[in-house]
Amino acid sequence: MGIKEIAEQAGVSKTTVSLALNGQKGVSYETRMRIIQLAKDMDYRVPGERSYLHENNGTIMFARLRKHGLILNEDQNSFIMDYIDGMNHVVKEFGYTFEIYNHRVEPIPKFLSELQDKQPKGIIILGTELEAEDILALSALPIPYVVMDTYFEHISVDFVNMANIGAVHNIVGYFSKTNHKDIGMVTCSIKSGNVIMRERGYRLAMDHFSKTIGVDSLIQVRPGFPGAYQDMMGHLKKGNRLPQALFCYNDVAAFGVIKALKESGFSVPADVSIIGFDDLPMSSMMEPHLTTIKVPNKYIGSSAARMLVERLNSKRTHYPTGLLVGGALIIRESVQERT
């Protein structure tokens, strides 16, 4: 059983289940207790609790490391929750306890110091907001670890992440197939590993499909819905040229961009086609339904956990490995073929 099944039984959202099981705010006491009891009844390993159903091999920890909270915010709860679901199943399968640790990175050495008291056997680190120097600092960890949701080619550690460049290639390819000649990208002002790779993927794909990148092809917005909305409004008010198509670095940015376009008198997709990235639940409900990249979050989470368990159990020499998992383009209504 997983978070989805618990949510269905409790009659609440998956986000509410995640908040309740991880001791976070936003859930009433009664609802929290009901969810925890359901999780136990359904044999779901509640974070921080040990299971006595089989031999315990120690604790595997999932560390949600935040630097600023601008990318890892409430908008991403359902996305991270699927990671957790995938990890939990694998950790349970191999007889480990699964714990979730939330930490604000100020700085990495403080995080490393706090880990000494917890003594996990291994750790999966959510690197969404981490920069290259933060990843390098993790080399001081005395235990096996895997970094997920980011990737830096020049750093030799174990990474599990989405295949950003391939996904963006498919996005630009679909725009090209639907006869869009002028294709722009809405990118983020904070350059996480994923943003860097998506920008790189955009440039490579535009070159592959013989598309021109102009000086105003990349539109930079702050992370989160308000930032994307406000900065796109500012861009439009300046009278800047608007391309036929826009790839938004994630769905949340696409939501903000579409709101700004509509309020400025533009129609999506009649005037501007939009593609996002992540396939958040709202993507299939908004107007128009958003074409986007579906990331196999549970599979990425389970792959990170399996990689870590292999490191813990193997006696062989271990070479740092980067695993990039492909996504799928989900075609909906936010792209219109041009004539």
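Can you tell me which of C188, C248 is at pLDDT 95 or above and under 17 Å from L72 (Cβ atoms)? After ruling out the rest, the residue left standing is C188.
Can you say whether S314 is under 21 Å from V90 (Cα atoms) and free of Cβ contacts under 8 Å to residues at least 60 places away in the same chain, as far as the supplied structure shows? Spelling it out, S314 is indeed under 21 Å from V90 (Cα atoms) and free of Cβ contacts under 8 Å to residues at least 60 places away in the same chain.
Among the residues of the range 252-263, none qualifies, meaning not one is in a strand (DSSP E or B) and closer than 20 Å to T187 by Cβ. Of S264, S303, S334, S283, all but one fail to be of a type in the set (S, T, Y), touching a Leu at 6+ places or on another chain (Cβ under 7 Å) and over 29 Å from Y151 (Cβ atoms); the exception is S264.
When restricted to residues that are under 16 Å from E199 (Cβ atoms) and among the aromatic types (F, W, Y), the range 124-174 contains 2. All but one of (1) of a type in the set (S, T, Y); (2) more than 26 Å from K294 (Cβ to Cβ); (3) touching a residue at least 40 places away in the same chain (Cβ under 8 Å) hold for Y151, so report the exception by its number. With (1) of a type in the set (S, T, Y); (2) more than 26 Å from K294 (Cβ to Cβ); (3) touching a residue at least 40 places away in the same chain (Cβ under 8 Å) applied to Y151, the lone miss is (2). In the range 108-131, the count of residues that are under 26 Å from G2 (Cβ atoms), hydroxyl-bearing (S, T, Y) and at pLDDT below 90 is zero. Looking across the range 150-191 at every residue that is small (G, A, S) and more than 13 Å from F247 (Cα to Cα), the one that is surrounded by the most Cβ atoms within 10 Å (Cβ to Cβ) is identified as A163.
The values are calculated or read from the model by the stated rules, or taken from the named source; none is laboratory data. This is a predicted model, so every value here is computed, not measured. Using ideal geometry, Cβ is built from the backbone for each residue, glycine included, and neighbour counts are taken over all protein chains shown.
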